[in-house]
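Have a look at the structure below before the remarks.
The values are calculated or read from the model by the stated rules, or taken from the named source; none is laboratory data. Source: prediction; values computed, not measured. In this analysis, Cβ positions are derived from the backbone assuming ideal geometry, glycine residues included, and neighbour counts consider all displayed protein chains. Please note that ligands, DNA and RNA were not included when accessible areas were found on the heavy atoms of the full protein model with its side chains. Shrake-Rupley method; radii C 1.70, N 1.55, O 1.52, S 1.80 Å.
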Amino acid sequence: MTIILSDNDKKILERMHNRIDYIFKTYKEYFDALAEFDKTGVLKVHGKILYVRKYENKQDENRYNLSVETGKRSIILTILELAREKQIVLSKTKIQKLVFLVQKELGKEYFKFVPYKYGPWSSELAEELDKLANEGIVKKYEKDSSNFYELQTQAEKDKEVERKANKYISMPLEYLLALIYARYPEMTELSEIKEKVKEFQKRFNIL
């Protein structure tokens, strides 16, 4: 059976094809992102993580929840991924200091920090770490009376955060404390370790 199209029908069909081509060309990066999400469980657009797949049942990979990725989670996951790549295990205190320094250098405030016993502290950051642990994205464990966090899967890194964090992540906690206490004295008002940090500053020649 042969279908004969009128000139008007041909024009309509041509417009439809052009529209479809336009949609695919315009939204190709989003289609590619969805295809990547199917393979990795991470949805990333323009370098930013938007969603992370969480399996409810390991035997049924089609069942999952989507947890929205924010700037707050992105800075945490980037630091934890960087630590995973460098085989560094991060304590809760060191994560706090790393996030504080990275925020300052980026000129952003994902988490609000206040002066506390060991310098700047964010209860919001502590809560977000525990949420990630509860979701199974991060493993939390205790060792020598301190809490440590390890990423349980590969995470996409925020390039800005990675560049800033890379300068500090391999440094010992004592160095980070010495640096923060020198640069941000307003965050040391309630500190219980000022004298100890002065020793760190002498050791690392940070005044």
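Taking residue 199 and the conditions (1) open to solvent by less than 70 Å² (accessible area, probe 1.4 Å); (2) at pLDDT 95 or above, which numbered condition does it fall short on, given that it satisfies the others?
Going through (1) open to solvent by less than 70 Å² (accessible area, probe 1.4 Å); (2) at pLDDT 95 or above one by one, residue 199 breaks only (1).
Condition first: of a type outside the set (D, E, K, R) and outside any loop (DSSP other than H, G, I, E, B). Now tell me which residues in the stretch 166-185 satisfy that. Reasoning before the result, please.
Applying the first criterion (of a type outside the set (D, E, K, R)) to the stretch 166-185 yields 166, 168-173, 175-182, 184-185.
If the condition is that a residue be of a type outside the set (D, E, K, R) and outside any loop (DSSP other than H, G, I, E, B), then 173, 175, 176, 177, 178, 179, 180, 181, 182, 185 are the ones that fit.
Looking at the stretch 111-148 only, could you name the residues that are within 16 Å of the chain's Cα centre (by Cα) and touching a residue at least 40 places away in the same chain (Cβ under 8 Å)?
Scanning the stretch 111-148 gives 124, 125, 128, 129, 132, 135, 136, 137, 138.
All but one of (1) surrounded by fewer than 13 Cβ atoms within 10 Å (Cβ to Cβ); (2) modelled with pLDDT of 70 or more hold for residue 62; which doesn't?
For residue 62, the failing item is (2).
Please indicate, with yes or no, whether at least one residue in the stretch 116-124 is part of a strand (DSSP E or B) and on the phi > 0 side of the Ramachandran plot.
Yes, the stretch 116-124 contains at least one residue that is part of a strand (DSSP E or B) and on the phi > 0 side of the Ramachandran plot.
Please specify each residue of the stretch 86-115 satisfying the condition of being in a loop (DSSP other than H, G, I, E, B), closer than 19 Å to residue 172 by Cα and touching an Asp or Glu at 6+ places or on another chain (Cβ under 9 Å). I'd like the intermediate steps shown before the answer.
Step one: of the stretch 86-115, the residues in a loop (DSSP other than H, G, I, E, B) are 86-89, 107-113.
Cutting the leftovers down to closer than 19 Å to residue 172 by Cα gives us 86-89.
Within the stretch 86-115, just 89 meets the criteria.
List the number of the failed condition for residue 192; all other conditions in (1) under 29 Å from residue 43 (Cβ atoms); (2) not in a helix (DSSP H, G or I) hold.
(1)
Quick one: which of 153, 188 is crowded, with 17+ Cβ neighbours inside 10 Å and among the polar types (S, T, N, Q)?
188
Please indicate, with yes or no, whether at least one residue in the stretch 132-141 is open to solvent by 20 Å² or more (accessible area, probe 1.4 Å), assigned to a strand (DSSP E or B) and over 16 Å from residue 78 (Cα atoms). Before you say what the answer is, go through the steps one by one.
Here is the first cut: in the stretch 132-141, the residues open to solvent by 20 Å² or more (accessible area, probe 1.4 Å) are 133-136, 139-141.
Going one step further and asking which of them are assigned to a strand (DSSP E or B), we end up with 139-141.
Okay, now just the ones that are also over 16 Å from residue 78 (Cα atoms), so 140-141.
Checking the stretch 132-141: at least one residue is open to solvent by 20 Å² or more (accessible area, probe 1.4 Å), assigned to a strand (DSSP E or B) and over 16 Å from residue 78 (Cα atoms).
What pairs come out if I take residues in the stretch 173-199 that are within 19 Å of residue 88 (Cβ to Cβ) and pair them with residues that are hydroxyl-bearing (Ser, Thr, Tyr) and assigned to a helix (DSSP H, G or I) whose C-beta lies under 8 Å away, six or more apart or interchain?
These pairs meet every condition: 173/93.
Only one residue in 49, 3 is farther than 30 Å from residue 191 by Cα, at pLDDT below 80 and open to solvent by 70 Å² or more (accessible area, probe 1.4 Å), so which one is that?
Residue meeting the stated conditions: 3.
Which of the residues belonging to the stretch 15-45 are modelled with pLDDT of 75 or more and polar (S, T, N, Q)?
18
Out of 83, 155, I need the residue that is assigned to a loop (DSSP other than H, G, I, E, B) and out of contact with any Phe, Trp or Tyr (no Cβ under 8 Å at 6 or more places or on another chain). Which one? Even if it seems obvious, please write down each step before you answer.
Working: 83 fails: assigned to a loop (DSSP other than H, G, I, E, B).
It is 155.
For residue 12, which of the numbered conditions (1) modelled with pLDDT under 75; (2) surrounded by 10 or more Cβ atoms within 10 Å (Cβ to Cβ); (3) over 28 Å from residue 111 (Cβ atoms) fails to hold?
Residue 12 satisfies all of (1) modelled with pLDDT under 75; (2) surrounded by 10 or more Cβ atoms within 10 Å (Cβ to Cβ); (3) over 28 Å from residue 111 (Cβ atoms) except (1).
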